[in-house]
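Below: one structure, written as structure tokens.
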Amino acid sequence: MSSTTELVVLLNDDGTPIGTADKATVHTLETPLHLAFSCHVFDESGRTLVTRRALTKSAWPGVWTNSFCGHPAPGERGPDALRRRAEHELGIRLDDIEVLLPDFRYRAVDASGVVENEICPVYRATTSDAVDPRADEVAEYAWLTPEELRTAVAAAPFAFSPWLVLQLQEWTD
């Protein structure tokens, strides 16, 4: 593998790591269970950042979702993975990282048939930075109050990622 290969951690059904795979090849019609993370970023006024996935994404392109998601590298701690991904995708630094849903797990299939199959701890963090998203990751973004987000998801769940819809069902403030 080249030094630029991004690896994901493969898991057995109880969440035990069983190996790694190239991220570029793992998300298919038969995606194996793997480790991921999801993060909800809040600003100083208590609004949460929602992002619309870039139209060039292979899974769920153009869908609104939480602030950002990603995959920890083998041996990488969750908070370190979040900081890395927040800087890469949104150009922001994170403060006050906390776990909201440590055991969140889901499987979903997008319109093209691509499967997400993840054990995906959900985090909350704050930032005071201005968002500077990468165009290949984020088509657009908005800051919403938690109430505005819940109202939007309830009104049009099909416009949002399935993992965000499920997270909001499990997460209570």
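The values are calculated or read from the model by the stated rules, or taken from the named source; none is laboratory data. Remember, predicted model here, so these are calculated numbers, not experimental data. With ligands, DNA and RNA removed, areas are computed over all heavy atoms of the protein, side chains included. Shrake-Rupley method; radii C 1.70, N 1.55, O 1.52, S 1.80 Å.
The relative contact order of segment 1-71 comes to 26 percent, based on Cα pairs under 8 Å that sit 6 or more residues apart.
Against the set [x] 15.2, 45; [y] 15.2, 56; [z] 16.0, 49, the structure's computed Rg and Dmax of the Cα atoms in Å falls on [x].
Shape of segment 71-173 from its Cα gyration tensor (a ≥ b ≥ c, root eigenvalues): rounded if a/c is under 1.5, otherwise prolate when a/b > b/c, or oblate? Rounded. What relative contact order, as a whole-number percentage, does the chain give when Cα pairs under 8 Å and 6 or more residues apart are counted? So the answer I get is 27 percent.
Hey, can you find the accessible area per residue of the chain for me, probe 1.4 Å, expressed in square angstrom? Provide the component values of the computation, followed by the final result.
Numbers: 8620 Å² over 173 residues.
Result: 50 Å² per residue.
One Cα centroid belongs to segment 1-79, the other to segment 83-128; the line between them spans 7 Å.
Rounded to the nearest whole Hz, the Karplus-based 3J(HN,Hα) values (6.51 cos²θ - 1.76 cosθ + 1.60, θ = phi - 60°) of segment 164-171 follow the sequence 5, 4, 5, 4, 5, 5, 8, 9, with x at glycine and proline.
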